[in-house]
Amino acid sequence: MLKKKCTFDKLVGNIKQNVMEDLLITTNNEFDIQRKVIAFSTQSSWKVIPHASVIYEADLTEFYTTYKKLKNELLIKFNGKKKFSLNTILLKVFAEGFLASPVLNSTIKYSSFFQTGKIDIQDSVNITVPWELEDGKTTTIVIHDVGKKSLIELIDEIEMLRMKTENTNFTELLYRVALKDTLNKIKSFDISVVKRLIAIGSGKNKVNLLKGKKKKEYYDIPQEFRLTEKDIMSGTVIVSNIGSTFNGFKGHIGLLNVIAPQILAIGVSALEDRVGIINHSNEIGIRKILPICLTMDHRALDFNHFIPFFRKLDEIFSSPEIIYSW
């Protein structure tokens, strides 16, 4: 019986191989360091984190009107130099929500072997956001202290990050990020990441780093004018907004990767026009609804942790004049 099973498995394997050989490969793209870093972190997250999601549908009708009004006023006041999007002000909204439920802005330490865990609530709300680069690739960049910044300071911070990306060699930066992350894991006795260093530093997929004069010229750029490891690795929560990259997207995000040691990832979909009740009355009208997906590390969070967060967001969206105090 065992021999027959082995023969059958071998036959299936041969069929799969023949099918793959018959496929027409138009392009063969090896992973660059950016893809390697993303693949490693996302795959690792699915192996160790029990993900759970909830979809929050926010009514932004009044909030959106107030946001557009403030946006126009700032454009006039600063002669067009202070531009900001709905995504920018939503980061501030989420930071206010974290003040109402601080545990959402936490990091986790967990030992599967000893089945012990620890949640560290972070003082600073450092929001990691996906950032599209000039070459069309995407990386993630951290916006620091969003909760403590005014709206103008937040706008200026995002503009500064935009300038820094233009001066940043992302191959160099992501190599240093991967190296630092690997060394940190080795210090915590996680030697499984050693093979990542080997893959990056040797073989046909070896990363081509700057050398000689080009390397010196790059690292002579002051750190305040280029991105560093801190701008990639110090996030406490990630906020991904596909609505800002795909206007008119039909549908919503249902699940995201939570990247340890973070315990929360937020996905913002596109703003939708829907038929709904106006201001809790019996009248029906067109409402602007924003689906927001919150994916949690279920080891650290339960649904009840989101209740103060949702209540705070409901309060802001129903009384949007508060944004003038930001």
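The values are calculated or read from the model by the stated rules, or taken from the named source; none is laboratory data. Remember, predicted model here, so these are calculated numbers, not experimental data. Cβ atoms come from the backbone with ideal geometry, glycine included; neighbour counts cover every protein chain shown.
Here are the numbers for the structure shown:
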read-out: Region 87-104 residues that are of a type outside the set (V, I, T), paired with ones that are surrounded by fewer than 16 Cβ atoms within 10 Å (Cβ to Cβ) and part of a helix (DSSP H, G or I) (beta carbon under 8 Å, 6 or more apart); value: A100/R311; S101/I307
read-out: Any hit, region 287-310, residues being polar (S, T, N, Q), in contact (Cβ under 8 Å) with a residue 24 or more places away in the chain and farther than 30 Å from S111 by Cβ; value: no
read-out: Residue ID - surrounded by the most Cβ atoms within 10 Å (Cβ to Cβ), chosen from residues in region 24-73 that are free of Cβ contacts under 8 Å to residues at least 24 places away in the same chain and of a type in the set (A, V, I, L, M, F, W, C); value: I38
read-out: Criterion (in a loop (DSSP other than H, G, I, E, B) and either within 18 Å of the chain's Cα centre (by Cα) or more than 21 Å from S41 (Cα to Cα) (or both)) met by exactly one of G136, G147; value: G136
read-out: Some residue of region 82-92 being under 23 Å from W131 (Cβ atoms) and over 23 Å from the mean Cα position of the chain (by Cα); value: yes
read-out: Only listed residue being modelled with pLDDT of 95 or more, surrounded by fewer than 18 Cβ atoms within 10 Å (Cβ to Cβ) and under 15 Å from T88 (Cα atoms), chosen from D145, D120; value: D145
read-out: Any hit, region 312-321, residues being surrounded by 19 or more Cβ atoms within 10 Å (Cβ to Cβ), more than 23 Å from T88 (Cβ to Cβ), within 22 Å of the chain's Cα centre (by Cα) and touching a residue at least 12 places away in the same chain (Cβ under 8 Å); value: no
read-out: Top-ranked residue of region 152-186 - restricted to ones that are at pLDDT below 90 and among the basic types (K, R), ranked as surrounded by the most Cβ atoms within 10 Å (Cβ to Cβ); value: K185
read-out: The listed residue being under 23 Å from the mean Cα position of the chain (by Cα), of a type outside the set (F, W, Y) and modelled with pLDDT of 95 or more, out of L301, L271; value: L301
read-out: Single residue of I119, I108 found to be in a strand (DSSP E or B), in contact with a Ser or Thr (Cβ under 6 Å, 6 or more places away or on another chain) and on the phi < 0 side of the Ramachandran plot; value: I119
read-out: Residue that is surrounded by the most Cβ atoms within 10 Å (Cβ to Cβ) [pool: residues in region 211-242 that are within 30 Å of L271 (Cβ to Cβ) and either among the charged types (D, E, K, R) or free of Cβ contacts under 8 Å to residues at least 60 places away in the same chain (or both)]; value: D231
